[in-house]
Amino acid sequence: MTRSSGFKVGMGIVVAALTGSQKATAQAPTISVDPSRLPRLGTIDARFQSYNVEMVEVTGGRFWKPYRASAAAPSARDAVNAENVPAGSNSDLYAYREPIDLSNPRLRALAAALAPAYMRVSGTWANTTYFAESDDAPATPPSGFRAVLSRERWKAVIDFAHAASAEIVTSMAISPGVRDAAGRWQSDQARRLFAYTRSVGGRIAAAEFMNEPTLAAMGGAPKGYDAAAYGRDFKTFVAFIKASEPDVMVLGPGSIGETTASQSPPQSSADFIATRDLLAASGPGIDAFSYHHYGALSQRCAPGQTTPEAALSETRLASTGQTLAFYQSLRDEFAPDKPMWLTETAEAACGGNPWASTFLDTFRYLDQLGRLARAGVQVVAHNTLAASDYGLLDEKTLRPRPNYWAALLWRRLMGTIALDAGVHDGTHLYAHCRRGARGAVTLLAINTDRTTAVTLRLPGSSERYTLSADDLQGAGVKLNGTALELGPNDDLPRFAAVTSPPGPIEIGPATMTFLTVEDANNPACD
C-alpha cells in the first residue's frame, strides 16, 4: 500500500485522501472497498467468540459487587465463606451471591444462540476450590482450600454445556490443599474432576494448570511460590494430562499484567512473577498459548484510572493489541507456532466499570474481536456471561445487555475466515467471509467519532445492520433504528437488514455497522 496526496491503493481498498486545507472543512475521508478483492488473512476457531462463567458463580460465594448494590446494607450471606476472596484484596469490593442457576431456560437459550463456544469455568477462585469426592459434599472446605465445588454443581455445568453447545475449559486447584508435605502439586483433585466429568457424559476440552500464575500469591498459591515451583508443578500437570487425559488441550500459562506499553512487571505487586520466568522454568508442554487482557482496573480497585470519555480513544482500544504483541513475542520464543487464546478479557478488571454494562462498551467489544481475529488469535473468552457489571447478561434478570446483542450479530454474520480490509486512520474496518454463505463477505465498520460520520463506498448492493443508541451510557441499543428486546416468550427479535444500493453508505457518529455482501464472489470465501 502506498501513500500520496491523491489515493492510497491496495488489496481492494481505495481511500480518498484530503489535503490539510480540505480537512478543515470536509467530513472524514471516504473509504472505498471492493469486497471481492479482499485477500485472506487466516482462519479462527469456530468457537472464537466464547465466554467465562467464574468458578465462584458455580459454587456460590463472594464476587465483585455490582455498583448499583454498593450502597445497600450488607447481606447476611456476606459472612458466608468470607475468606474466599483474592489474597490481599479489600473484602468490601465483594458481595455474596447464590450459585448461578445453570438450568434457567433464558440463560440456556441466550447462551445457545452464541454457539458454538467455549465455556471457561475458572478464575482466581478456581485456584482454591475443592472438588467433592462424593455426592455428599462437605459444608465447609477442607484445610488448604477456600470453597467447595459439589458434584451437583459441576453436573449443572456439564448439563449447561450440552444445552448451549459449549465446550468446557477449566483450570486446576493449586492451593496448599492439593500439595504433599514437600509442597509439590498432586494430581488427585484433577484426576477426580476429570473422572467424574466422564462418568456423567461430560467432556473437558481444554485446561490451564492454574489461573493467572503471574499473580500466584494473590490467587492462593503457597507462600513464597515462585517460577521454579511453577515449572516443577506444571511439568507434573502436563505429565498427568498426557498420560490420563490425552484428548485435553493444555493451555498456558494464562498470564496477566504485561504489555508492550510497559515491559516491567506491575510495581504494585511485589509477588509478581514474570511470564518469561514461568515459561523458562516450565519448558514445553502447552498446546495453545493462553493469556488475559484488561485495558484497566475498574473504579472498584483503582478510582480514576480510566473514564467513559476515554472509552472510544485509540489508546484505549489499541491496548488489546499491545498485550497481544507482548505475549505473542514470548509465544514465538518459547512455543513457536502454537495458537493464541485470550481466555479472559472484558472492559476492565475487578468486575468492570459502571459503563461496562452500557452501549459505550460495545465499541470495545466488537473492535477487540475484529482486531484479534485479524491478528490470528483463535479464541476470545469474554468475562463474564452473566456476573457483575461486565457480564453479557444482567446477573439479576438475565436480560441481554448491549454487548450481548453485538455478540449475537457477530455470531450470525462473521465467519471463521478473516480477510484483510486494510487499516484506515480514524475508522475501524474489519472483514470476514460471511458465515454460512459461499463467496459472501461481511464488513464491520466501527465509527468511534462521536460527532462526525464516515462514508464507506461499495461497488455493489449490501444488507446493512447498524447498532446505535440514544444514550451511549444507557442500557438500550437499536438495530437499524429499532430497539432490540426479547419477545414475550424470551424469543430473540428478528434481525431485519436494510438494503443499501451500490455507492456511498454513511456510517453515523458513534455507531457500528455490519454490511453483508452476498454477491461478493470472493475466491477466498469459496
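Return a yes/no flag: does the stretch 150-165 have any residue that is assigned to a loop (DSSP other than H, G, I, E, B), buried (at least 17 other Cβ atoms within 10 Å of the Cβ) and in contact with a strand residue (DSSP E or B) (Cβ under 6 Å, 6 or more places away or on another chain).
No - not one qualifying residue is present in the stretch 150-165.
Which members of the stretch 185-220 meet the condition of being under 18 Å from Lys242 (Cβ atoms) and part of a loop (DSSP other than H, G, I, E, B)?
Of everything in the stretch 185-220, those that are under 18 Å from Lys242 (Cβ atoms) and part of a loop (DSSP other than H, G, I, E, B) turn out to be Gln186, Ser187, Arg203, Phe209, Met210.
Count, please, the residues in the stretch 121-144 that happen to be within 19 Å of Ala216 (Cα to Cα) and either at pLDDT below 95 or among the charged types (D, E, K, R) (or both).
Adding up the residues that qualify gives 0.
Is it the case that Glu133 is within 23 Å of Met210 (Cα to Cα) and among the acidic types (Asp, Glu)?
Answer is yes for this residue.
The conditions are (1) crowded, with 17+ Cβ neighbours inside 10 Å; (2) within 27 Å of Pro354 (Cβ to Cβ); (3) among the basic types (Lys, Arg), and Arg434 fails exactly one of them. Which is it?
The single condition Arg434 does not satisfy is (2).
If Gln328 satisfies every condition in (1) at pLDDT 95 or above; (2) farther than 27 Å from Leu429 by Cβ but one, which is the exception?
For Gln328, the failing item is (2).
Restricting the search to the stretch 388-397, which residues are of a type outside the set (Val, Ile, Thr) and surrounded by fewer than 24 Cβ atoms within 10 Å (Cβ to Cβ)? I'd like the intermediate steps shown before the answer.
If we filter the stretch 388-397 for residues that are of a type outside the set (Val, Ile, Thr), which is where we start, we get 388-396.
Hits for the stretch 388-397 are Leu393, Asp394, Glu395, Lys396.
Take the stretch 449-497 and flag every residue that is within 28 Å of Gly352 (Cα to Cα), aliphatic (A, V, I, L, M) and loosely packed, with under 15 Cβ neighbours inside 10 Å.
If the condition is that a residue be within 28 Å of Gly352 (Cα to Cα), aliphatic (A, V, I, L, M) and loosely packed, with under 15 Cβ neighbours inside 10 Å, then Ala475, Ala483 are the ones that fit.
Would you be able to say whether some residue in the stretch 306-317 is closer than 22 Å to Glu212 by Cα and either buried (at least 21 other Cβ atoms within 10 Å of the Cβ) or without any contact (Cβ under 8 Å) to a residue 60 or more places away in the chain (or both)?
So far as the stretch 306-317 goes, no, none of its residues is closer than 22 Å to Glu212 by Cα and either buried (at least 21 other Cβ atoms within 10 Å of the Cβ) or without any contact (Cβ under 8 Å) to a residue 60 or more places away in the chain (or both).
Could you please tell me which pairs satisfy a Cβ distance under 8 Å, a separation of 6+ or placement on different chains, a first residue in the stretch 219-234 that is within 14 Å of Gly254 (Cβ to Cβ), and a second residue that is among the acidic types (Asp, Glu) and part of a loop (DSSP other than H, G, I, E, B)?
Once the first residue is within 14 Å of Gly254 (Cβ to Cβ) and sits in the stretch 219-234, its partners that are among the acidic types (Asp, Glu) and part of a loop (DSSP other than H, G, I, E, B) give Gly219/Glu212.
Taking the condition farther than 29 Å from Ala221 by Cβ and either touching a strand residue (DSSP E or B) at 6+ places or on another chain (Cβ under 7 Å) or among the hydroxyl-bearing types (Ser, Thr, Tyr) (or both), does Leu110 pass?
On the way: farther than 29 Å from Ala221 by Cβ: yes; either touching a strand residue (DSSP E or B) at 6+ places or on another chain (Cβ under 7 Å) or among the hydroxyl-bearing types (Ser, Thr, Tyr) (or both): yes.
In short, yes.
If you go through the stretch 498-526, how many residues are farther than 24 Å from Arg37 by Cα and crowded, with 17+ Cβ neighbours inside 10 Å?
Of the stretch 498-526, the ones farther than 24 Å from Arg37 by Cα are 508-511.
Now drop any that are not crowded, with 17+ Cβ neighbours inside 10 Å, which leaves 510-511.
Of the residues in the stretch 498-526, 2 are farther than 24 Å from Arg37 by Cα and crowded, with 17+ Cβ neighbours inside 10 Å.
Among the listed residues Leu398, Leu409, Leu419, identify the single one that is of a type outside the set (Gly, Ala, Ser), more than 15 Å from the chain's Cα centre (by Cα), modelled with pLDDT of 95 or more and on the phi > 0 side of the Ramachandran plot. Full working, then the answer.
Working: Leu409 fails: on the phi > 0 side of the Ramachandran plot; Leu419 fails: on the phi > 0 side of the Ramachandran plot.
Matching residue, one of Leu398, Leu409, Leu419: Leu398.
Can you tell me which residue is surrounded by the most Cβ atoms within 10 Å (Cβ to Cβ) among those in the stretch 326-346 that are part of a loop (DSSP other than H, G, I, E, B) and out of contact with any strand residue (DSSP E or B) (no Cβ under 8 Å at 6 or more places or on another chain)?
Pass one, the stretch 326-346, residues part of a loop (DSSP other than H, G, I, E, B): 335-339.
Still in the list and also out of contact with any strand residue (DSSP E or B) (no Cβ under 8 Å at 6 or more places or on another chain): 336-337.
Details: Pro336: 8, Asp337: 6.
Looking at residues that are part of a loop (DSSP other than H, G, I, E, B) and out of contact with any strand residue (DSSP E or B) (no Cβ under 8 Å at 6 or more places or on another chain), I get Pro336.
The values are calculated or read from the model by the stated rules, or taken from the named source; none is laboratory data. What you see is a predicted model; the values in this text were computed from it and never measured. Positions of Cβ are generated from backbone atoms using ideal geometry, with glycine treated the same way; all protein chains shown enter the neighbour counts.
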